[in-house]
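Q: This is the structure I have questions about; it appears just below.
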Amino acid sequence: NTPPPNHRPATLLWRSIDDTLQVKYPPMKQHHHLISVALAAVLLTKGISASASSIASSHSSRRLRGGRRLSSSAKAGKQQQQHAAFHHNSNSKASYDGGYIHHDDGSMQEEEVMQIDVVAPTPPPMASSLDESTPAAIINDDTPTINEEINSNKCSMSPSQHEEALRQLILTITPQEVLDDITSPQAKALQWLVYDDAIDPPLCPPMLNIDDDATSATLLERYIMTAFYHATNGDNWKECSAPINNVDNNKCTRTITAQSSEVLSFVIEQAFSDTQQQHGRKIGTNSWLTSTPTCDWGGLGCSYTTTTTTDSNSNINSNNNHYYAIDQIEFEDNNLSGTLLPELSALKQLKFLILEKGHLSGSIPPSYGSLSNLRVLDMDYNKLTGAIPNELYDLVELRELDLNDNRFSGTISTRIGRLSELVYLQVDNNEFGGSVPVEVGGLNELAWAVFHGNNFSGEMPLSVCENSDKASPPGKITLLSADCLEDGPVVCSCCDYCGEEL
């Protein structure tokens, strides 16, 4: 189950097998690919590079999303001290069992452990067998390893150099132990950027240690969105999934819709500066993990952004360094599952995070509290659990907090009073307990406050009722609900609806 120790070619091929296991292929294609790579590893182990290379190259065009792909040349590793003689004709066979190679002209028999017969491919015209004047196949140290042929010119780096440069950039937002776990969405995203991303011109890591420049920001956003794709099981989305084998047959009609929201029609106008509105927004409609810019992927919106750079003397310069930054992620009823990606918190221009009607589980990462520009957090109709992180109450620009129909628990913190711009608060049909905080009544912009379907108890605070449109003088709250039916756990004389009535 493991390659021979200190045998680099076999080790690389076996790692490719391990990577491939993480990738969803149609069943038969997956088996064919794994078997071929395994055979190549076996043959390489015995020094027969010609057949190994032939087997591997037959699958060189297969793309492994989030993993690696084999180049058409499987040459790598140290020179073998003994060169294998191999009969190159259409009827010749080579087999491996327990560590021996057998040929048509006779074979040695040992205790049989495994028997694999491989029909050798017909070679170009040459002698029917290798003799002393014909050099045997040699595995050289200075020839490209797996994937190096594919990306030899990408960013003027070898794949290993490219991966290391990207890794150093990514480590600014992702813990090393997460990136080192090859099964993590983050590790799959890194591998895709190095080995499978076909964007032209390529996005290359900056050679200088410059903070927040447009190149780094754009590259990090592409990494984050690729990791988001894997974290939410993008291959199983209803629409906009990545192409299979470079064939994009996936419908992608997803587009952002905040402009038409009855509550947010005014928010979109307030969310962007005059300069951003002048340059317009980019709205994605393409499938994900394609060669198009990240802002073209369906369900994403981007706006014109100016960055600053820091020179060697720590001086901040705004030198017209512009790019389109992701400001909106929106998917409703697209079969998103898995967990929320912590790295979304690095999208500093994100204003709308809308992931409705899916199967997302786990808790909201506390790091989302650093999304200082966030206007809308809408994650209703999922399977999210845990308490609302205290850090979320630091989102002072938030206009909408929509978490209904999940499995949230805990209490609503008194820190909710910090959300002075909040217009829409909907936390119904969860497992929240305690009482409605008095601070809710101090939210002067609040129009909707929906609390029913929880374990709240006690009396609706007077401050909330005084902000109702039924009060005198009328307040701004036009919709207020709680579990206030007769003998219900909440006493609310000013509620518009009580529980099931809504």
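Q: Just reorder H322, H230 by solvent-accessible area, largest first, 1.4 Å probe, all chains present.
A: Reading off the accessible areas and sorting them downward yields H322, H230.
Q: Which entries of K251/K351; K251/K383; K282/K357; K154/K351 have Cα-Cα distances beyond 30 Å here?
A: K154/K351
Q: Would you kindly find the accessible area of K383, with a 1.4 Å probe and non-protein molecules such as ligands, DNA and RNA excluded, rounding to the nearest 10 Å²?
A: My reading of the accessible area for K383 is about 80 Å².
Q: OK, next. Once the Cα gyration tensor of region 386-466 is diagonalised, what are the square roots of 5 times its eigenvalues, in whole Å and ordered largest first, as equivalent ellipsoid semi-axes?
A: 17, 15, 11
Q: Can I ask one more? Using the Kirkwood radius over C-alpha pairs as Rh, can you work out the diffusion coefficient of region 332-405 via Stokes-Einstein at 20 °C, viscosity 1.002 mPa s, in µm² per second?
A: Calculated translational D: 175 µm²/s.
Q: Then there is this: How big is region 455-502 by the Kirkwood estimate over distinct Cα pairs, in Å?
A: Computed over Cα pairs of region 455-502, the Kirkwood hydrodynamic radius comes out at 10.7 Å.
Q: Across all directions of projection, what mean area in square nanometres is found for the Cα convex hull of region 349-502?
A: Over every viewing direction, the Cα hull of region 349-502 projects on average to 8.1 nm².
Q: Around K476, under 9 Å between beta carbons, what's the net of Lys plus Arg minus Asp minus Glu among the other residues?
A: Computed value for this residue: -2.
Q: Per Stokes-Einstein, at 20 °C and 1.002 mPa s, what whole-number D in µm² s⁻¹ belongs to region 416-502, with the Kirkwood radius over Cα pairs as the hydrodynamic radius?
A: 171
Q: Please state, rounded to one decimal and in Å, the Kirkwood hydrodynamic radius that region 155-234 gives when every pair of distinct Cα atoms enters the mean of 1/r.
A: Its Kirkwood hydrodynamic radius stands at 12.7 Å.
The values are calculated or read from the model by the stated rules, or taken from the named source; none is laboratory data. What you are looking at is a predicted structure, and each value in this text was computed from that prediction instead of being measured. Heads up, the Cβs are rebuilt from the backbone with ideal geometry, glycines too, and the neighbour counts pull from every protein chain shown. Heavy atoms of the whole protein, side chains included, go into the accessibility calculation; ligands, DNA and RNA do not. Shrake-Rupley method; radii C 1.70, N 1.55, O 1.52, S 1.80 Å.
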